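Heads up: the structure comes next, in structure tokens.
The values are calculated or read from the model by the stated rules, or taken from the named source; none is laboratory data. A quick note: this is a predicted structure, and the numbers were derived from the prediction, not measured. Glycine gets a Cβ as well: all are built from the backbone with ideal geometry, and neighbour counts include every protein chain shown.
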């Protein structure tokens, strides 16, 4: 059904769902070839940890502490609880529908094409903007490393966006280009490089804790919550950005060797690891430096500044900054990977142009897709300040996570017969709590963020009705794999 003139027919076309069996059977196939199944449990877990760990601690902590004071530690816990409910829902759907589209594909199977499109459109915002934000933070740590080790920095005109004293952020563009190069080498090669960077990242953060705890002062934790619950909650909305990425493993559903078993486990294990590290590092940071010294200016390299202030020496921040430069690269790499795979799935469904599903015959990766994504992200990273990027990412992610919780409930009702590698405990309470927490944190974001989100959604709806609705392959039935 493609719509027709009758209002009822048109409405039904917006709510058409794609059968799970069809989604799974199409897995891996793109125009010109198939994605390669080469990823095991360690690599999948590393993708999730790599996409998550570091984003908030290395980049956002300095902006969250002034909102909540030492209670930022509990803000990370609040965000973790929200992420946990969503992670459990992701784990069930990833083991049931192991494909590249992540929550976009899950929504297509449960809530209909229009909702799936909006979800996929929000994921584009989430992934592209989060990579841009992390790239900005990467540039800040690169400057911190250059300053501490060699006594010079990249000029502000070439390392800051317009409005913050610069013209273009060249380091942010450089790390995006580097990640694109690795992705074009192949999924297995990218995953191997990411695994190495993940272990390095964990080592760097443990090093930070070891040094910062030597300067720990209990008086720095008083008053613990100077801004009260409102501040703690506001910081929780901000640092939820730190948990974006655990769903990246679900985008590898068509390149995992044993997706029904490994995807759920990778998602849950990665969230546990990330939460433990975040809480430990946040506690060490606010214990070593009074919360009032965390200001917005220069917050992108906040951990390096904590070590400088706490120890009075330069070598700890040199080590941290060098490690952060390498470790944050894994976030850029894995989140870009996730975005290209979601675009791959949307293109295969006919909702966006076919160029995004073309697979290179040699490396078996979506080449044109990766190049286009890298160009788009580079522009965002070069000219947009960090704070706007963080909030825009959080609201798009929370919306997508809420849809995943609803999708679990719908699929349990409509297809209880499907094999599931993992089942959400305490159903339906757990997914409902996930939806509720996501809504609560969305409410804590500012009016400007909501305005950006509304405009982005409106632009997505226009794109869908002008292109996707008419070209949907689901609407074309079984007329073949070509676009209608």
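Restricting attention to the stretch 177-187, which residues are part of a helix (DSSP H, G or I), crowded, with 16+ Cβ neighbours inside 10 Å and at pLDDT below 90?
187
I'm checking my understanding of the structure. Among residues of the stretch 362-387 that are assigned to a helix (DSSP H, G or I), more than 14 Å from residue 181 (Cα to Cα) and over 18 Å from the mean Cα position of the chain (by Cα), which one is modelled with the highest pLDDT?
So the residue we want is 379.
Among the residues of the stretch 36-77, which ones are touching a strand residue (DSSP E or B) at 6+ places or on another chain (Cβ under 9 Å) and surrounded by fewer than 24 Cβ atoms within 10 Å (Cβ to Cβ)?
Within the stretch 36-77, the first condition is being touching a strand residue (DSSP E or B) at 6+ places or on another chain (Cβ under 9 Å), and the residues that meet it are 37-41, 43-44, 47.
Scanning the stretch 36-77 gives 37, 38, 40, 41.
Please state which of the following conditions residue 243 fails to meet, knowing it meets all the rest: (1) more than 29 Å from residue 105 (Cβ to Cβ); (2) crowded, with 24+ Cβ neighbours inside 10 Å.
For residue 243, the exception is condition (1).
Would you be able to say whether some residue in the stretch 281-290 is modelled with pLDDT under 90, more than 30 Å from residue 23 (Cβ to Cβ) and surrounded by fewer than 21 Cβ atoms within 10 Å (Cβ to Cβ)?
Checking the stretch 281-290: at least one residue is modelled with pLDDT under 90, more than 30 Å from residue 23 (Cβ to Cβ) and surrounded by fewer than 21 Cβ atoms within 10 Å (Cβ to Cβ).
Among 235, 249, which is under 19 Å from the mean Cα position of the chain (by Cα), in contact (Cβ under 8 Å) with a residue 12 or more places away in the chain and under 30 Å from residue 23 (Cβ atoms)? Reasoning before the result, please.
Values: 235 fails: under 30 Å from residue 23 (Cβ atoms).
On inspection, the qualifying residue turns out to be 249.
Might you let me know whether the stretch 94-108 holds any residue that is touching a residue at least 12 places away in the same chain (Cβ under 8 Å) and more than 23 Å from residue 254 (Cα to Cα)?
Residues of the stretch 94-108 touching a residue at least 12 places away in the same chain (Cβ under 8 Å): 94-108.
Applying the additional criterion that residues be more than 23 Å from residue 254 (Cα to Cα) yields none.
No.
Do we find a residue being without any contact (Cβ under 8 Å) to a residue 40 or more places away in the chain, over 24 Å from residue 85 (Cα atoms), surrounded by fewer than 23 Cβ atoms within 10 Å (Cβ to Cβ) and within 20 Å of the chain's Cα centre (by Cα) anywhere in the stretch 348-355?
The answer is no, given that none of the residues of the stretch 348-355 is without any contact (Cβ under 8 Å) to a residue 40 or more places away in the chain, over 24 Å from residue 85 (Cα atoms), surrounded by fewer than 23 Cβ atoms within 10 Å (Cβ to Cβ) and within 20 Å of the chain's Cα centre (by Cα).
Residue pairs, Cβ under 7 Å, 6 or more apart or interchain, first in the stretch 450-471 and free of Cβ contacts under 8 Å to residues at least 60 places away in the same chain and at positive phi, second part of a helix (DSSP H, G or I) and loosely packed, with under 13 Cβ neighbours inside 10 Å. List them.
Pairs that qualify, where the first residue is free of Cβ contacts under 8 Å to residues at least 60 places away in the same chain and at positive phi and the partner is part of a helix (DSSP H, G or I) and loosely packed, with under 13 Cβ neighbours inside 10 Å: there are none.
Which fully enclosed helices (runs of 4 or more DSSP H) of the stretch 95-164 have 1 or more residues being within 23 Å of the chain's Cα centre (by Cα) and more than 29 Å from residue 11 (Cα to Cα)?
The qualifying helices (runs of 4 or more DSSP H) are 113-150.
Being in contact (Cβ under 8 Å) with a residue 24 or more places away in the chain, under 30 Å from residue 337 (Cα atoms), part of a helix (DSSP H, G or I) and out of contact with any strand residue (DSSP E or B) (no Cβ under 9 Å at 6 or more places or on another chain): is that true of residue 263 here? Before the answer, list the steps.
On the way: in contact (Cβ under 8 Å) with a residue 24 or more places away in the chain: yes; under 30 Å from residue 337 (Cα atoms): yes; part of a helix (DSSP H, G or I): yes; out of contact with any strand residue (DSSP E or B) (no Cβ under 9 Å at 6 or more places or on another chain): no.
So residue 263 does not fit the description; no.
Return the pair list, or none, for Cβ contacts closer than 8 Å from residues in the stretch 281-296 that are under 9 Å from residue 69 (Cβ atoms) to residues that are part of a loop (DSSP other than H, G, I, E, B) and at pLDDT 90 or above, at least 6 apart or on different chains.
291/226
The rows are residues; the columns are (1) closer than 30 Å to residue 153 by Cα; (2) part of a helix (DSSP H, G or I); (3) modelled with pLDDT under 80; (4) touching a helix residue (DSSP H, G or I) at 6+ places or on another chain (Cβ under 9 Å).
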{"site": "316", "(1), (2), (3), (4)": "yes, yes, no, yes"}
{"site": "321", "(1), (2), (3), (4)": "yes, yes, yes, yes"}
{"site": "331", "(1), (2), (3), (4)": "yes, yes, no, yes"}
{"site": "343", "(1), (2), (3), (4)": "no, yes, no, yes"}
{"site": "360", "(1), (2), (3), (4)": "no, no, no, yes"}
{"site": "401", "(1), (2), (3), (4)": "no, yes, no, yes"}
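When the residues of the stretch 259-272 are filtered to those that are touching a helix residue (DSSP H, G or I) at 6+ places or on another chain (Cβ under 6 Å), closer than 21 Å to residue 76 by Cα and surrounded by fewer than 24 Cβ atoms within 10 Å (Cβ to Cβ), which remaining residue is modelled with the lowest pLDDT?
In this case the residue turns out to be 268.
For residue 350, only one of the following conditions fails: (1) part of a helix (DSSP H, G or I); (2) modelled with pLDDT of 80 or more. What is its number?
If we test residue 350 against (1) part of a helix (DSSP H, G or I); (2) modelled with pLDDT of 80 or more, just (1) comes out false.
Go through the stretch 122-153 and report how many residues are more than 28 Å from residue 315 (Cβ to Cβ) and touching a helix residue (DSSP H, G or I) at 6+ places or on another chain (Cβ under 6 Å).
11
Please count how many residues of the stretch 446-484 are in a helix (DSSP H, G or I), crowded, with 18+ Cβ neighbours inside 10 Å and at pLDDT below 85.
Residues flagged as in a helix (DSSP H, G or I), crowded, with 18+ Cβ neighbours inside 10 Å and at pLDDT below 85 within the stretch 446-484 amount to 2.
Being more than 20 Å from residue 263 (Cβ to Cβ) and either touching a residue at least 24 places away in the same chain (Cβ under 8 Å) or under 19 Å from the mean Cα position of the chain (by Cα) (or both): is that true of residue 439 here?
Criteria met by residue 439.
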